[in-house]
Amino acid sequence: MRLRLRAPGNMLSRTVPTPASLDIKGHRMTEPSTGWQLDDITYSGGTRDGPRANVKLSRAKEQVHAEGSGTGLIDAVCHSISQATGVEARVVAFRAYSVGPGSEAVGEVELEVELPGRRVAVRASSTDVVEAAGRALVAALNQYNAKRRAQG
């Protein structure tokens with residue numbers, strides 16, 4: 001993980017490699033094996049260029065990539081994930097909590113996501129709340145796709 005600060009326009013840029021999903025206790029989070037995996041997130045924002053995100057996802061032998069913008073960094077990441085997967089997803093509620101003290105604390109994110117015909121509540125955690133929000137959205141999309149497959 002690296003953090004770069006750029007002077008022009010006070011732009012913040014960060015690239016987050018995304019290892020296997022772990023919950024706050026270090027246990028592997030369960031995701032359907034046929035579901036999307038968030039492989040990489042790169043995001044940046046500043047007063048001149050605004051929030052932007054670039055995501056890479058994979059499932060089975062398929063890999064997708066998308067770039068997008070939003071009203072904030074989390075919105076930009078969520079728009080990019082929605083675009084990459086081709087599923088219209090709208091975050092209708094966002095909550096973030098600090099788990100532990102200090103700047104190295106884990107952030108837990110809870111999302112309510114509106115998808116075509118249903119609403120899903122999910123959560124994910126990371127030391128980076130933008131990454132946690134992206135992981136939560138991917139979990140919502142995986143739940144949505146699993147229910148659609150089960151219903152035929």
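When Val138, Val87 are checked against the criterion of being part of a loop (DSSP other than H, G, I, E, B), in contact (Cβ under 8 Å) with a residue 24 or more places away in the chain and surrounded by 15 or more Cβ atoms within 10 Å (Cβ to Cβ), a single residue qualifies: Val87. Among the criteria (1) part of a strand (DSSP E or B); (2) at pLDDT 95 or above; (3) under 22 Å from Pro116 (Cα atoms); (4) not hydrophobic (A, V, I, L, M, F, W, C), the one Asp39 does not fulfil is (3).
Picking from residues in region 46-62 that are of a type outside the set (A, V, I, L, M, F, W, C) and under 16 Å from the mean Cα position of the chain (by Cα), the one that is farthest from Asn142 (Cα to Cα) is Pro51. Residue count for region 63-82 under the criterion of being more than 20 Å from Glu112 (Cβ to Cβ) and either within 13 Å of the chain's Cα centre (by Cα) or not aliphatic (A, V, I, L, M) (or both): the result is 6. Looking at region 54-84, which of the residues that are in contact (Cβ under 8 Å) with a residue 60 or more places away in the chain and part of a strand (DSSP E or B) is surrounded by the fewest Cβ atoms within 10 Å (Cβ to Cβ)? Across region 54-84, the extreme among qualifying residues is Leu57. Given the structure, is Glu110 over 22 Å from Arg59 (Cβ atoms) and in a strand (DSSP E or B)? Considered against the rule, which asks whether it is over 22 Å from Arg59 (Cβ atoms) and in a strand (DSSP E or B), Glu110 comes out as yes.
Filtered by the rule that a residue be farther than 21 Å from Ala66 by Cβ and either in contact with a helix residue (DSSP H, G or I) (Cβ under 9 Å, 6 or more places away or on another chain) or aliphatic (A, V, I, L, M) (or both), region 118-152 gives Arg118, Ala121, Arg123, Ser125, Ala146, Ala150. Considering each of Arg95, Arg90 in turn, give the residue that is closer than 21 Å to Trp36 by Cα and either at pLDDT 95 or above or among the charged types (D, E, K, R) (or both). That would be Arg90, the only listed residue that is closer than 21 Å to Trp36 by Cα and either at pLDDT 95 or above or among the charged types (D, E, K, R) (or both).
The values are calculated or read from the model by the stated rules, or taken from the named source; none is laboratory data. All values reported here derive from a predicted model rather than from experimental measurement. All Cβ positions, glycine included, derive from the backbone under ideal geometry; neighbour counts span all protein chains shown.
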